[in-house]
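Let me begin by presenting the structure, written as structure tokens, before commenting on it.
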Amino acid sequence: MNHPESLNTLNIEHTQLDTSTILEHVIQAWTALQTQQPLVQCITNSVAANYAANILLAAGASPAMIDNPFEAESFTQISGALSINLGTPTTEQVQAMQISAKTAHTHQVPWVLDPVGYGPVLKWRSDITDELLQFKPTVIRGNASEISTLAGNQVESKGVDSTLNSADVYAQAQVLLEHAECIAISGESDFIVSKAWDAVIQVNGGSYLQPKVTATGCALGALIAAYTAVTPPTIACIAAHVHFAIAGKLAFEKSQSVGSFNVAFIDHVHSLNADRIAEYADLQILKSR
Amino acid sequence: MNHPESLNTLNIEHTQLDTSTILEHVIQAWTALQTQQPLVQCITNSVAANYAANILLAAGASPAMIDNPFEAESFTQISGALSINLGTPTTEQVQAMQISAKTAHTHQVPWVLDPVGYGPVLKWRSDITDELLQFKPTVIRGNASEISTLAGNQVESKGVDSTLNSADVYAQAQVLLEHAECIAISGESDFIVSKAWDAVIQVNGGSYLQPKVTATGCALGALIAAYTAVTPPTIACIAAHVHFAIAGKLAFEKSQSVGSFNVAFIDHVHSLNADRIAEYADLQILKSR
Amino acid sequence: MNHPESLNTLNIEHTQLDTSTILEHVIQAWTALQTQQPLVQCITNSVAANYAANILLAAGASPAMIDNPFEAESFTQISGALSINLGTPTTEQVQAMQISAKTAHTHQVPWVLDPVGYGPVLKWRSDITDELLQFKPTVIRGNASEISTLAGNQVESKGVDSTLNSADVYAQAQVLLEHAECIAISGESDFIVSKAWDAVIQVNGGSYLQPKVTATGCALGALIAAYTAVTPPTIACIAAHVHFAIAGKLAFEKSQSVGSFNVAFIDHVHSLNADRIAEYADLQILKSR
């Protein structure tokens, strides 16, 4: 399932790489998520555990936070996808990450790597992240600082939040396609760098309040994983980002302060449908052959 | 406190095992919870920790998430009840579970076992759960898959969510009365299998949105524990399930999407009172001598 | 930054220790928090991790829950402040606490110690807390039971909630000024015992529902830490408590049940501004030279 997709497997011929065709596939992906309710194993941080599970349930998937090394191998084998997030790793979680990533690679279970805080200040997790790359994540997703640093461009990062503009980073991110099918960079606009399509897709929308709610990025990583269980990686990334961008936009119309915004955000993650995707999705194709 | 209750200790004569008598006892249990605000030790998972604490506070109890092996023995001794949940166990938490369960058994502190994910895929926790049974939980609660599998009927389970109907399982659950006073099975309707009453009580209500909010089952286990601190096991189980069923029903009248439903659900867990229990509780007695 | 402040560093002459002057400094502190968005390292419990991060983001700070011993030293060095909370410690977290507290002391990073559950029943964490005092926390904050017991007056405590009135405890808390610049005691009214000012400041406001939401006290500790990154300790404590007291008061005007109260509370933590501080802050100076 994490094999390189081709345009043909998507029924997208090269000349058809247009936004309306992509949106049809996003709608199909969303529908498949509702129908299949894939089991998504999440090894995530203490801040995101509850939130990511609620987002996955709201979106239509079946989350399971199995993060111990003693059950990692057997559970990854039955999972539709795996999400690994380096936010607050423990020694036992790191062991589980290594086992599950290896198992996912061996059994072709698609998986997402979210290298939270990657950079020289947080060396332990950065070394772990480097090692996990050998198991070929389907998608690497992060903010601009994390992706840029992971791409070998050392930048100053302030903790786990991003100090770079995501638009500046997607060119650098190309080198990471050696390890993964897609690189997803979140920010004011999001950028999805696709190996199969040799294209960058920009997703607009959301709200400036989204980063004011903790773990939205982590939950987005889990949602990408959920979509990889039902559709090829590039569409999975676009679908997850469109899902969040629309929910963020509609939530902000309802509420302009963070507490009630977050409640409305979860509501709109849950109440997305094909019509809303068609009406509100805002995509641009930045580069294609 | 976790000794077998008799109908007499409830002032329920056998011929009086009717729903209105049971509801009187549920109302008394709810009142006792408000008055006594029992201290409930929870050893629970990373997804449920915040949510279960908020539910217990909203319901009237005093939660304390003491889950390390170094303080487990002394803390269980002063607790009114103990809730053990196998959702995302760590090695240190498992040690705490074993110490606290043993302490609860020795000191007659009532305790609830929630065997999340029990089944062949998650062997480590299933073995731990099997071992914990020797300390005679007051109540075992889970979804239909978990209870069925624990009862020795191996079924295919999808992660930690249930693939069986709870109504099919309560007959199987009888064998678990060898280990516990009550078995509580949650689902569209809930079923409480009582050893002391030799009866099965069905609790209706709630909302289809409840399983769309993560950790509602885990929080229900903690709430059962809270009630066991103030009332015998069968009434404790019924009271906790009625508490959740009414809150779910009223929350759904307020909101039909998961984010705002969950907010309304916590509100209604907090605002339950005797009148609402009398008006909305929906019970059936399925089997009695 | 955690050096003893003098009234002069605040431009408060002794005769000027009046509430309107203090409020000017609180408003300056709040403004500085918005402008500087300090990075706050939190080593906190499983219940509070998500909530404290959301409160810090809502208030204007940048939270980072780095709680492993392998990255503690390097991360504390770049942090604006550190918050240590003993709610549900693991062995690895305790190691991180010791390293980060020592690093904060050495590098003059202000830090807050929240001795959750301190007392004879929870001996392990109490011993750890005693050891952490050698690294001279900038602020010790807790409920009345915790502060009283830490001050050497053994009281009966019910789990992690307080059984004493905070007003009774601030006299006892003076002895803790040997270890810290300020002692902050939360309760129906809050009391801040300041070494530099030789004064006790009482902060009124909030709502009786605040302790019905789990981890509000833990999040308050994290918020105090955030303020210590931008202002001297006494003003930091007052500012954080005023911030919470106003948010609690305004949230209760919006909602009287705990779920929706909590949503409104986060909203009002986010929407605080200078005018609201001036209008709603309710302070009293209880003792000064």
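Between the range A:19-33 and the range B:68-85, what is the C-alpha centre distance in whole Å?
One Cα centre to the other: 50 Å.
How large is the helix-only mean residue ellipticity at 222 nm for chain B, computed as the sum of -39500 (n - 2.57) over DSSP H runs with n ≥ 4, divided by its residue count, in deg cm²/dmol to the nearest 500?
Numbers: 11 runs with 133 residues, N = 289.
Calculated mean residue ellipticity at 222 nm is -14500 deg cm²/dmol.
Is there a pair in B:K212/B:K254; A:K123/C:K123; A:K212/A:K249; B:K254/C:K212 whose C-alpha atoms are over 25 Å apart, and which pairs would that be?
Details: B:K212/B:K254 16 Å; A:K123/C:K123 34 Å; A:K212/A:K249 14 Å; B:K254/C:K212 22 Å.
From the list (B:K212/B:K254; A:K123/C:K123; A:K212/A:K249; B:K254/C:K212), the Cα-Cα distance tops 25 Å for A:K123/C:K123.
How large, in percent, is the carbon and sulfur part of the accessible surface of the protein assembly as shown at a probe radius of 1.4 Å?
About 48 percent, which is the carbon plus sulfur part of the accessible surface.
Got a sec? Charge dipole of the range A:8-287, +1 on Cβ for Lys and Arg, -1 for Asp and Glu; which of A:T19, A:L122, A:T149 is way out at the positive end?
Ranked along the dipole, the leading option is A:L122.
Add +1 for every Lys or Arg and -1 for every Asp or Glu among the other residues with Cβ under 13 Å from the Cβ of C:S83, and state the total.
Result for the local shell: -1.
Please list the non-local residues whose amide H lies under 5 Å from the amide H of C:S83, H modeled 1.01 Å from N, same-chain partners needing a gap of 5 or more.
Placed amide hydrogens put C:Q41, C:C42, C:I43, C:V112 under 5 Å from C:S83.
Using a 1.4 angstrom probe on the protein heavy atoms only, could you order B:W197, A:W124 from most to least accessible area? Walk me through the numbers on the way to the answer.
Working: B:W197 0, A:W124 55 Å².
If we order B:W197, A:W124 from most to least accessible, we get A:W124, B:W197.
What is the range B:217-262's relative contact order, in percent, from Cα pairs under 8 angstrom and six or more apart in sequence? Mind dumping the intermediate values first?
Working: 23 pairs, mean separation 12.3, N = 46.
Computed over the range B:217-262, the figure is 27 percent.
Counting only the heavy atoms of the protein chains, how much of A:F135 is accessible to a 1.4 Å probe, in Å² to the nearest 10?
Answer for A:F135: close to 30 Å² accessible.
Please check which bits of the range B:242-283 a label hung off B:Q28 would reach, taking the label as a point 7 Å along Cα-to-C-beta and the cut-off as backbone N under 18 Å.
B:242-243, B:274-275, B:277-278
Compute the accessible area per residue over the protein assembly as shown, keeping the other protein chains in place, probe 1.4 Å, unit Å².
Values: 28710 Å² over 867 residues.
Accessible area per residue, the protein assembly as shown: 33 Å².
Compute the separation of the alpha-carbon centres of the range C:223-269 and the range A:227-289 and state it in Å as a whole number.
Cα centroid of the range C:223-269 versus Cα centroid of the range A:227-289: 31 Å apart.
With charges only on Cβ, +1 for K and R and -1 for D and E, what is the dipole size of the range C:8-287 about its Cα centre, in debye, rounded to 20?
Details: 12 positive and 25 negative charges, 51 e Å.
Approximately 240 debye in magnitude.
Net charge near A:I99: determine it from the other residues with C-beta under 15 Å of the C-beta of A:I99, scoring Lys and Arg +1 and Asp and Glu -1. Mind dumping the intermediate values first?
Values: positive: A:K102, B:K123; negative: A:D67, A:E71, A:E73, A:E92, A:E131.
Summing Lys/Arg as +1 and Asp/Glu as -1 gives -3.
Could you pull out every one of the aspartates and glutamates with an alpha carbon less than 19 Å from that of C:K195, ignoring same-chain neighbours closer than 8 positions?
C:E5, C:E13, C:D18, C:D114, C:D168, C:E178, C:E181
Where Lys and Arg each count +1 and Asp and Glu each count -1, what net charge lies around A:C42 among other residues with Cβ under 11 Å from its Cβ? Before the final figure, lay out the partial values.
Values: positive: none; negative: A:D67, A:D114.
For residues surrounding A:C42, the net value is -2.
To check you understand DSSP bridge types, tell me what percent of the beta bridges within chain A (both residues inside) are antiparallel, rounded to 5. All intermediate terms of the calculation are to be shown ahead of the outcome.
Numbers: 15 of 33 bridges.
Among the beta bridges of chain A, antiparallel pairing accounts for roughly 45 percent.
With a 1.4 Å probe, how much accessible area is buried between chains C and B, both sides summed, in Å² to the nearest hundred? List each step's numbers first, then the result.
Numbers: alone 11760 and 11770 Å², together 21310 Å².
Buried: approximately 2200 Å² between B and C.
Among A:V121, A:V26, A:V193, which one shows the biggest mean-square fluctuation in a GNM of chain A, springs joining Cα atoms closer than 10 Å?
Evaluated over chain A, the most mobile residue of the options is A:V121.
Taking 35 Å as R0, compute the FRET efficiency from the Cβ-Cβ separation of B:K136 and B:I285 and round it to 0.05.
On the way: r = 26 Å, r/R0 = 0.73.
Efficiency at R0 = 35 Å is approximately 0.85.
Calculate I(q)/I(0) for the range C:70-220 by the Debye formula, one identical point scatterer on each C-alpha and no solvent, and give its log10 at q = 0.13, 0.14, 0.18 Å⁻¹ to two decimals.
-0.56, -0.65, -1.07
Any idea what the relative contact order of chain A is, in percent, if you count C-alpha pairs under 8 Å spaced at least 6 apart? Numbers along the way, then the final one.
On the way: 620 pairs, mean separation 61.9, N = 289.
Rounded, it is 21 percent for chain A.
Taking the full set of protein chains and a 1.4 angstrom probe, give the accessible area of A:S74 in square angstrom, rounded to the nearest 10.
Its accessible surface works out to 50 Å², give or take rounding.
Viscosity 1.567 mPa s, temperature 4 °C: what is the translational diffusion coefficient of the protein assembly as shown from Stokes-Einstein with a Kirkwood Rh over Cα pairs, rounded to a whole number of µm²/s?
Working: Rh = 27.4 Å.
In µm²/s, the coefficient rounds to 47.
In debye, nearest 20: dipole of the protein assembly as shown around its Cα centre with unit charges on the Cβ of K, R (+) and D, E (-)? Show your work: numbers first, answer last.
On the way: 39 positive and 78 negative charges, 13 e Å.
Value, rounded to 20: 60 debye.
How big is D for the range B:145-289, in µm² s⁻¹ as a whole number, if Stokes-Einstein is applied with the Kirkwood radius of its Cα pairs at 37 °C and 0.692 mPa s? Mind dumping the intermediate values first?
Working: Rh = 15.6 Å.
For the chosen part, D equals 211 µm²/s.
If I histogram all Cα-Cα distances within chain C using bins 5 Å wide from 0, what percent of pairs lands in each bin?
Here the calculated profile for chain C is 1, 6, 14, 19, 21, 18, 13, 6, 2, 0.
Using a 10 angstrom cutoff on alpha carbons, build the Gaussian network for chain A and name the most mobile of A:P120, A:P63, A:P232.
Answer for the Gaussian network model of chain A: A:P120.
The values are calculated or read from the model by the stated rules, or taken from the named source; none is laboratory data. Treat the numbers as computed from the prediction; the structure is a model and nothing was measured. Cβ sites come from the backbone with ideal geometry, for glycine too, and all protein chains shown count toward neighbours. With ligands, DNA and RNA removed, areas are computed over all heavy atoms of the protein, side chains included. Shrake-Rupley method; radii C 1.70, N 1.55, O 1.52, S 1.80 Å.
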